[in-house]
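A short write-up of the structure that comes next.
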Amino acid sequence: MLNAAVINKEKEKRVKLSKTEKTEKLEELSKLNDEEIIEVISSEAKKRKDSIEQYEKANRIDLAQKEKKELEILKEYLPEQMNEDEIRRLAKEAVKKLGASGQKDTGKVMAALMPQLKGKADGGLVNKIVQEELKEG
């Protein structure tokens, strides 16, 4: 399942590149780098988390268990995830550095944080923490 997702991402990249690059270089240029592969794995993990939530709401524990097993396998290939305290510390620093105040600055803070946290923290959790910090600040 993960191999298929990586191959599909490479095909997407190849189609985009085919509009600007020469065809003999497409195969080489469309190979995904480590960061792009981590993005694919993160995306697949997020899909599993969403499925687990939906299956549990529908009381389909059997299907939720299958998704949980797949999620555990995917997590082995992701970088170690940052804990909430580390994310909160970085969020506080970003809020202070940007002089952010209020919910209107959530996007600005997220834009500054996410490049540092890409693949290391769930975007939903980061957003929740940033909003909490902006309420307190």
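The values are calculated or read from the model by the stated rules, or taken from the named source; none is laboratory data. As the structure is a computational prediction, the values presented were derived from the model and not from experiment. No Cβ is skipped: glycine too gets one built from the backbone with ideal geometry, and neighbour counts run over all protein chains shown.
Brief remarks on what is shown
- Members of the range 24-52 that are at pLDDT 90 or above, touching a helix residue (DSSP H, G or I) at 6+ places or on another chain (Cβ under 6 Å) and of a type in the set (S, T, N, Q): SER51
- The one condition in (1) assigned by TED's automatic domain parsing to the domain that holds VAL126; (2) surrounded by 11 or more Cβ atoms within 10 Å (Cβ to Cβ); (3) without any contact (Cβ under 8 Å) to a residue 12 or more places away in the chain that ILE7 fails to fulfil: (1)
- Applying the condition of being hydrophobic (A, V, I, L, M, F, W, C) and surrounded by 14 or more Cβ atoms within 10 Å (Cβ to Cβ) to the range 49-72 and asking which residue is farthest from LEU125 (Cα to Cα) yields LEU63.
- Residue in the range 53-78 that is nearest to MET1 (Cα to Cα), counting only those that are part of a loop (DSSP other than H, G, I, E, B) and out of contact with any helix residue (DSSP H, G or I) (no Cβ under 8 Å at 6 or more places or on another chain): GLU76
- Every condition in (1) in contact with a Gly (Cβ under 6 Å, 6 or more places away or on another chain); (2) closer than 13 Å to LYS120 by Cα holds for VAL95 except the one numbered (2).
Conditions tested, residue by residue: (1) closer than 24 Å to VAL130 by Cα; (2) touching a Ser or Thr at 6+ places or on another chain (Cβ under 8 Å); (3) among the aliphatic types (A, V, I, L, M).
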| residue | (1), (2), (3) |
| --- | --- |
| TYR55 | no, no, no |
| ILE61 | no, no, yes |
| LEU71 | no, no, yes |
| GLU93 | yes, no, no |
| LEU113 | yes, no, yes |
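- Residue that is surrounded by the most Cβ atoms within 10 Å (Cβ to Cβ) [pool: residues in the range 16-39 that are of a type in the set (D, E, K, R) and part of a loop (DSSP other than H, G, I, E, B)]: GLU21
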